[in-house]
Amino acid sequence: MTQTTLTRVTPEAKRLLDDEAFLRGEEGREFLKDEELERYTQSTEYTADLNVLEDRLKAVMDEYGEYKGGMDAEAAVAVHEEIDLSRSAASDSGIWNDLAMRHYPWFVRHRWSYESETGMKKKFWTYGAALDSASSTFERLWWIAEMTHEDGGYENTRRVFQNRRFCFRVFDIQLGRYKPAALACLDVLYDDNEESFAVNDVIDETVQRLRRAGSTIPLEGRTRSELVDIVQSIRDDVESDRS
């Protein structure tokens, strides 16, 4: 096991992404040069075995073709297991931007097709909060795994990635940063017997109503069991209104 000190890039490093050839991974620009990154690089107190993570990410790429969303679950598990950080440390987007830009740009390009310069930059760089649709590839994967794994297991993580709508609705808002609430939504909106999620309209309306409820009745501080009761009641109302 070879531990590597994790580094972070400063906000000014964002200018390095004004390079379409790098974003596309064109020949000779698959990686940024060390001297390009050096002035924007800061060391951290954290370490990880980046070689093991590289092997695991390459195995994910071997299993899934380009741009296939199915790879997200296994990549999230790999990133979360190999980058062992506290939530406080993981809130530093500079670490995740560094992983995408310096170490694994090839994985970012395998996961995401180049649609536009602006869109591709967002896959390398977190422009929003630590966990939302504008967070960079590895940051988003790590945080969704963090909010869903239990007792060292990742069944929930693999489950949520089965449904992109659920991921967007739950993890792209503040609600998804409170683990009991995220898990309560999963408990209610995923049917264990059917092994499937509720239809998208039910997911949308249930989460929307839960957000409105949270603006008047704080959800943080409530237990998962209490939140399950709240979410179930909301889902029942949503389905009753649809019938």
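The values are calculated or read from the model by the stated rules, or taken from the named source; none is laboratory data. Fair warning: this is a prediction, and the values are worked out from it, not measured in the lab. Heads up, the Cβs are rebuilt from the backbone with ideal geometry, glycines too, and the neighbour counts pull from every protein chain shown. Side chains are part of the model used for accessible areas, which takes the heavy atoms of the whole protein and leaves out ligands, DNA and RNA. Shrake-Rupley method; radii C 1.70, N 1.55, O 1.52, S 1.80 Å.
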query = What value, in deg cm²/dmol to 500, does the helix sum -39500 (n - 2.57) over DSSP H runs of n ≥ 4 give at 222 nm once divided by the residues of the chain?
reply = -16000 deg cm²/dmol
message = Tell me the accessible surface of HIS149 in square angstrom (1.4 angstrom probe, heavy atoms of protein chains only), to the nearest ten.
response = 40
task = Report, by chain and number, residues whose modeled amide H sits under 5 Å from the one on TRP125, excluding near sequence neighbours (fewer than 5 apart, same chain).
result = THR137
query = How much space per residue, in cubic angstrom, does the convex hull of the C-alpha atoms of the range 1-162 take up?
reply = 116
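Counting other Cβ atoms within 10 Å, which chymotrypsin sites (Phe, Trp or Tyr not before Pro) in the range 98-129 have at most 15 and lie in a DSSP loop?
Loop-located and lightly packed - TYR114, TYR127.
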task = Please determine, in degrees from 0 to 90 and to the nearest 10, the orientation of helix 71-82 with respect to the longest principal axis defined by the Cα atoms of the chain, where the helix direction is its Cα long axis.
result = 70
query = Can you give the accessible area of ASP34, probe radius 1.4 Å, in Å² rounded to 10?
reply = 110
ask   = For the range 165-242, what does the alpha-carbon gyration tensor say about shape, rounded, prolate or oblate, given a ≥ b ≥ c as the root eigenvalues, a/c under 1.5 as rounded, and a/b over b/c as prolate?
value = rounded
remark   = Whole-Å distance linking the alpha carbon centroid of the range 1-27 with that of the range 95-154 is 13
note = Computed over the range 1-162, the relative contact order (Cα-Cα under 8 Å, seq sep at least six) in percent reads 25
query = Per the Cauchy relation, a quarter of the hull surface: what is the mean projected area of the convex hull of the alpha carbons in the range 103-167, in nm²?
reply = 5.0
request  = Tell me the GluC sites (Glu not before Pro) within the range 149-243 that lie in a loop according to DSSP and have at most 10 other beta-carbon atoms within 10 Å.
outcome  = GLU194, GLU195
ask   = Got a number for carbon plus sulfur as a percent of the range 1-87's accessible area, 1.4 Å probe?
value = 41
inquiry  = Students often get this wrong, so check it: of LYS14/LYS123; LYS14/LYS122; LYS68/LYS123; LYS14/LYS58; LYS123/LYS179, which have C-alpha atoms separated by over 21 Å?
reply    = LYS14/LYS58; LYS123/LYS179
query = Across the range 192-202, in residue order, what do the Karplus-derived ³J(HN,Hα) couplings come to in whole Hz, using 6.51 cos²θ - 1.76 cosθ + 1.60 with θ = phi - 60° and x for Gly and Pro?
reply = 4, 5, 7, 6, 7, 8, 4, 5, 4, 4, 5
key: Residue-by-residue Karplus 3J(HN,Hα) for the range 89-98, coefficients 6.51, -1.76, 1.60, Hz, glycine and proline x   = 5, 6, 6, 7, 4, x, 5, 6, 4, 5
query = For GLU66 and ARG39, what does the FRET efficiency come to when R0 = 30 Å and r is the distance between their Cβ atoms, rounded to the nearest 0.05?
reply = 0.40
request  = State in Å² the accessible area per residue of the chain; use a 1.4 Å probe, count heavy atoms of protein chains only, and round to the nearest integer.
outcome  = 49
key: Derived scalar couplings ³J(HN,Hα) [the range 175-181; Karplus, 6.51 cos²θ - 1.76 cosθ + 1.60; whole Hz; x for Gly, Pro]   = 3, x, 8, 10, 4, x, 6
Angle in degrees between helix 224-242 and the longest Cα principal axis of the chain, rounded to the nearest 10 = 70
Between 0 and 90°, nearest 10: helix 50-63 axis offset from the chain longest Cα axis = 70
